[in-house]
Structure formats: structure tokens, C-alpha cells
Amino acid sequence: MAPDASLTAVLISALAMTAIVGLRYILTSGLFAWITARVRPGHYSGLGLQIRSEIKWSLLSAAIYGIPSGVVAWGWQQHGWTRIYTDVHAFSLWWLPGSVLAFLLLHDTWFYWTHRWMHRPRVFRLAHAVHHASRPPTAWAAMSFHPLEALTGAVVVPALVFFVPIHVGALGAVLTIMTVMGITNHMGWEMFPRALVQSRLGGWLITASHHHRHHESYQCNYGLYFRHWDHLCGTDRGLSSP
Ligand SMILES: [Zn+2]
Ligand SMILES: [Zn+2]
């Protein structure tokens with residue numbers, strides 16, 4: 001492909017991915033905001049201005065997430081970049097769930113430590129205050145990040161696909177879990193049954209009850225999907241009851 005044509009193709013891929021991430025955000029956050037209005041009527045009343053700001057920052061984040069994903073998707077299609085595979089038998093079948101778990105664990109580790117770093121006062125003011133301006137967070141806050149924070153999140157999956165083999169369907173599962181948990185953890189109420197949240201398994205998984213406490217108390221509960229880093233580092237302060 002001529003250099004000009006390549007550049008156009010990369011740009012189109014980046015734009016398309018930005019549109020997909022933006023649309024995915026609007027549809028999924030919209031769905032959970034709609035469910036919230038049904039299950040907890042009035043839960044977001046008086047938060048109109050905050051929600052508008054959450055949507056504005058989130059759409060900006062969609063571009064920051066979309067560009068690296070679009071470039072990598074183009075490279076995968078055109079040049080065979082990455083270790084994304086399409087033949088389900090290319091690796092053992094147990095690697096399908098195994099790769100999903102590996103991605104979530106690696107993403108969670110990156111998130112825990114960058115998130116803790118962003119709670120240092122100077123970095124917080126610069127990069128993370130936007131996210132904490134949501135008080136209390138809503139289903140629209142999942143991608144409400146300052147561009148610097150969005151950048152730290154946007155590079156994770158596009159980087160991991162170069163190192164960890166993953167079937168394209170398993171990657172879809174990772175992105176779905178990422179989207180749904182990001183939104184429901186900010187929704188302001190717990191959708192999982194109390195029996196699960198307070199079970200032994202619940203002691204290792206992050207749901208709204210855990211992340212809501214982070215938004216209330218700031219210096220604790222930094223994890224994304226799992227609680228082991230918070231447990232190991234003594235930063236787990238248990239559950240809130242949103
Ligand atoms: Zn949050
Ligand atoms: Zn935070």
C-alpha cells in the first residue's frame with residue numbers, strides 16, 4: 001500500500017474505533033442509567049449538571065481509547081501485528097478462559113498501581129480530580145477521566161495484545177467485562193445479590209459496593225476487578241452500602 005493510502009487507512013480505523021467506543025459507552029451507560037431509573041427512581045435527581053460533565057469527559061476519553069485501538073486493529077488486519085488469533089484451536093481450549101483471566105489480572109495490576117500513584121496530591125489535582133468530581137458517581141461516570149488518566153487506561157489492552165495470545169472472541173469478552181464492570185461499579189447501587197457480594201468469592205471481586213467506598217473515602221479500595229492488591233497492601237476498607 002502507498003504511504004498516503006496507509007495513512008488514510010490508519011486514520012479511518014482510528015476514527016471508526018473512536019466512534020465504536022463512544023457508541024458503546026452511550027448505549028451501555030444509557031442502558032444502566034435507564035435500569036437505575038426503573039430500579040431506584042430518583043437516584044440521580046439533582047445530578048443533571050454532573051451527568052452532563054461526565055458525558056463530556058467520557059466522549060473525550062472515547063477518542064483517547066479509540067485511537068490506539070484503531071491503530072493496533074489496522075496493524076492486526078494489514079500486517080499481522082499482535083498475538084490476537086482467530087482459529088479457536090490454535091491454543092488449548094482452556095486458554096480461552098485463561099487468557100480472559102490473564103488480561104483481567106494484568107489490567108487490574110496496572111490499574112491498581114497507576115490509580116494509587118494518581119492519588120498523590122499533585123498528580124491527583126492534575127489527572128484524577130476530574131474522575132472524583134462525580135460525587136456520587138453515576139452510570140455515566142465510567143469513562144469520565146481527564147485525558148492524562150484516559151491515556152493510562154487506553155494503552156493497556158492495545159499493549160497486552162502484543163504479548164499475551166488471545167482469541168478474538170475472548171478479547172471481545174474482556175472488552176465486555178471491562179465496559180459493564182466499569183459502568184456498574186459507578187452506578188451508585190449494588191446490582192449483585194448480597195449473598196454473592198458478602199460471600200468468600202465476593203471478598204475477592206470488586207463490585208459497586210467496593211468502588212463506591214473509594215469514591216467516598218478516596219485513600220482506599222484502589223482496585224479495578226479484584227481485591228487482592230488492596231488486601232496485600234492494606235488498602236482495602238471493605239464495602240460501602242450504596
Ligand atoms: Zn471510579
Ligand atoms: Zn481514585
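Helix hunt in the chain: which complete DSSP H runs extend at least 27 Å axially by C-alpha with mean Kyte-Doolittle at least -1.0?
Those that pass (Cα extent of 27 Å or more, hydropathy at least -1.0) are 3-39, 48-79, 95-118.
Tally Lys and Arg at +1 and Asp and Glu at -1 over the other residues with C-beta under 15 Å from the C-beta of Leu31: what net charge comes out?
+3
For the pair Ser45/Leu232, report the inter-label distance in nm, with labels modelled 7 Å from Cα in the Cβ direction.
That separation, rounded to one decimal, is 4.5 nm.
Show me 141-153, 211-223, 92-104 ranked by packing, highest mean number of other Cβ atoms within 10 Å first.
141-153, 211-223, 92-104
Roughly what percent of Cα-Cα pairs across the stretch 3-232 reach past 32 Å?
For the stretch 3-232, the share of Cα pairs beyond 32 Å comes to 21 percent.
Which three lengths, in whole Å and largest first, does the stretch 1-64 cover when its Cα atoms are put on their principal axes?
Rounded to whole Å, the extents work out to 56, 20, 9 Å.
Taking other Cβ within 10 Å of each residue's Cβ, how do Tyr225, Tyr44 sort, fewest first?
Least to most surrounded, the residues fall as Tyr44, Tyr225.
Taking 0.36 nm per intervening residue step and subtracting the Cα-Cα distance, what contour gain separates Leu59 from Leu96 on full extension?
This chain segment gains 10.2 nm when fully extended.
Readers should treat all values here as calculations from the given coordinates under stated rules, not as data from a laboratory. Note that the structure is a prediction, hence the values are computed from the model and not measured. FYI the Cβ positions are ideal-geometry reconstructions off the backbone, even for glycines, and counts take in every protein chain you see.
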